[in-house]
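The values are calculated or read from the model by the stated rules, or taken from the named source; none is laboratory data. Predicted model only: the values in this text are computed from it and were never measured. Neighbour counts are summed over all protein chains in view; Cβ atoms, including those assigned to glycine, are modelled from backbone coordinates with ideal geometry.
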């Protein structure tokens with residue numbers, strides 16, 4: 001049986017699509033392991049997959065005061081710097097652990113978690129398929145998600161992606177430097193692994209919908225936009241009785257939650273949300289959890305929720321207000337309801353602008369500039385603009401008709417067989433010499 005190791009990192013919205021891939025690959029007959037932080041043990045197990053810990057809890061790390069301050073700054077270079085410090089401290093242990101975990105794999109699937117994984121795979125001679133939920137390949141069609149506001153043309157759009165790749169590489173290569181030293185490998189090239197992977201025409205899968213972001217015409221044939229990779233709630237899952245009663249008691253509410261972004265003052269953030277809902281005259285579902293909102297006294301028109309699958313919750317909302325993470329954006333668009341994006345950092349502003357450009361949500365409002373009045377106005381537009389609601393519903397139907405995970409799995413099957421065939425041909429040729 002072919003053994004596939006899927007390496008994922010980040011918060012739930014980052015990791016969940018890779019679990020969806022793993023679940024589908026296991027159903028197709030592969031032996032699948034998910035390598036992720038300690039936060040996802042139970043989620044991986046609930047999908048029927050083997051879990052291997054890559055180390056520290058991301059949730060615990062992101063919720064300390066220092067990390068909250070860094071996230072609220074929205075300064076991506078500062079965030080990378082903070083990540084580099086954390087990675088340097090544990091790089092040697094991570095290198096040893098990852099090498100042990102990946103040994104014996106026939107194929108590795110990874111995305112942003114792959115900075116040091118690429119080197120380990122090279123040393124162990126294990127083929128890698130890159131898999132991302134955010135565009136990472138240079139194109140003239142649009143700028144890098146790290147630079148969504150710049151009115152650049154085609155040539156500079158491509159340059160922005162090369163710059164993004166270098167920002168990631170130079171910011172996080174400390175783990176690769178230690179990994180290669182631990183494995184007795186020579187230092188990586190100055191430009192990191194991305195140029196070599198591109199020159200080798202290594203396959204790349206993108207887990208987002210072409211209806212949301214069409215595949216650029218200038219991409220080579222080894223770049224594939226498959227559609228989103230969704231992990232639905234487990235069979236037989238049922239909502240808490242209090243939530244079901246709240247939803248049945250009135251009109252669909254507006255969801256407000258910011259994923260793992262959090263706030264140093266969740267009470268103030270919760271109060272802002274309550275004021276915005278009151279101004280807009282809407283019922284609300286406020287998300288607690290990793291970066292959750294907080295409020296001790298809620299009106300009857302507002303319900304606090306936690307750990308509710310977006311696949312179940314969002315279709316029951318009038319609109320969704322969130323941070324614009326790739327996973328949450330995908331779930332909102334699939335539900336067919338308008339979205340109000342409040343980006344904090346990274347690619348979130350990119351998805352916020354894409355939602356607005358598609359006409360399925362108002363213009364994004366950065367977290368630094370967010371007020372209850374602005375949020376109320378955006379919510380009112382999202383729930384009352386009939387044309388926007390219709391566009392959101394139409395887009396949701398298109399996304400639900402896709403089978404992104406199924407298409408990705410078919411490609412992985414085909415690509416892995418091609419590589420196995422090429423490997424066997426090399427062996428056969430060597431034996432005849």
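Odds and ends about this structure:
Conditions (1) outside the structural domain of residue 330 (by TED's automatic domain parsing); (2) farther than 19 Å from residue 414 by Cβ; (3) surrounded by 17 or more Cβ atoms within 10 Å (Cβ to Cβ), marked per residue:
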{"position": "22", "(1), (2), (3)": "yes, no, yes"}
{"position": "28", "(1), (2), (3)": "yes, no, no"}
{"position": "31", "(1), (2), (3)": "yes, no, no"}
{"position": "35", "(1), (2), (3)": "yes, yes, yes"}
{"position": "39", "(1), (2), (3)": "yes, yes, yes"}
{"position": "42", "(1), (2), (3)": "yes, yes, no"}
{"position": "46", "(1), (2), (3)": "yes, yes, no"}
{"position": "49", "(1), (2), (3)": "yes, yes, yes"}
{"position": "52", "(1), (2), (3)": "yes, yes, yes"}
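- Test for residue 398: is it within 24 Å of residue 215 (Cβ to Cβ) and touching a residue at least 40 places away in the same chain (Cβ under 8 Å): yes
- Every condition in (1) more than 21 Å from residue 215 (Cα to Cα); (2) at pLDDT 95 or above; (3) touching a strand residue (DSSP E or B) at 6+ places or on another chain (Cβ under 8 Å); (4) part of a helix (DSSP H, G or I) is met by residue 377 except one, and the failing one is (3).
- Filter result (touching a strand residue (DSSP E or B) at 6+ places or on another chain (Cβ under 7 Å) and either modelled with pLDDT under 95 or within 19 Å of residue 348 (Cα to Cα) (or both)) within the stretch 243-284: 255, 256, 257, 258, 259, 270, 273, 274
- Evaluation of residue 349 against (1) in contact with a helix residue (DSSP H, G or I) (Cβ under 9 Å, 6 or more places away or on another chain); (2) crowded, with 19+ Cβ neighbours inside 10 Å (one fails), failing number: (1)
- Looking only at residues of the stretch 300-313 that are outside any strand (DSSP E or B) and buried (at least 18 other Cβ atoms within 10 Å of the Cβ), we find that the one that is modelled with the lowest pLDDT is 308.
- Inter-residue pairs, beta-carbon under 6 Å, first within 14 Å of residue 47 (Cβ to Cβ) and in the stretch 212-238, second in a loop (DSSP other than H, G, I, E, B), 6+ apart: 229/207; 233/309
For every residue, the table says whether it meets (1) under 10 Å from residue 256 (Cα atoms); (2) at pLDDT 95 or above; (3) assigned to a loop (DSSP other than H, G, I, E, B); (4) more than 21 Å from the chain's Cα centre (by Cα).
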residue	(1), (2), (3), (4)
286	yes, no, no, yes
290	no, no, yes, no
295	no, no, yes, yes
298	no, no, yes, yes
315	no, yes, no, no
321	yes, yes, no, no
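- All conditions but one from (1) modelled with pLDDT under 80; (2) out of contact with any helix residue (DSSP H, G or I) (no Cβ under 7 Å at 6 or more places or on another chain); (3) within 23 Å of residue 173 (Cβ to Cβ) apply to residue 97; the one that does not is (1).
- Single condition residue 132 does not satisfy, out of (1) modelled with pLDDT of 85 or more; (2) over 16 Å from the mean Cα position of the chain (by Cα); (3) closer than 18 Å to residue 15 by Cα: (2)
- Test for residue 346: is it under 19 Å from the mean Cα position of the chain (by Cα), part of a loop (DSSP other than H, G, I, E, B) and under 30 Å from residue 4 (Cα atoms): yes
- Of the listed requirements (1) on the phi > 0 side of the Ramachandran plot; (2) touching a strand residue (DSSP E or B) at 6+ places or on another chain (Cβ under 8 Å), residue 128 misses just one: (1).
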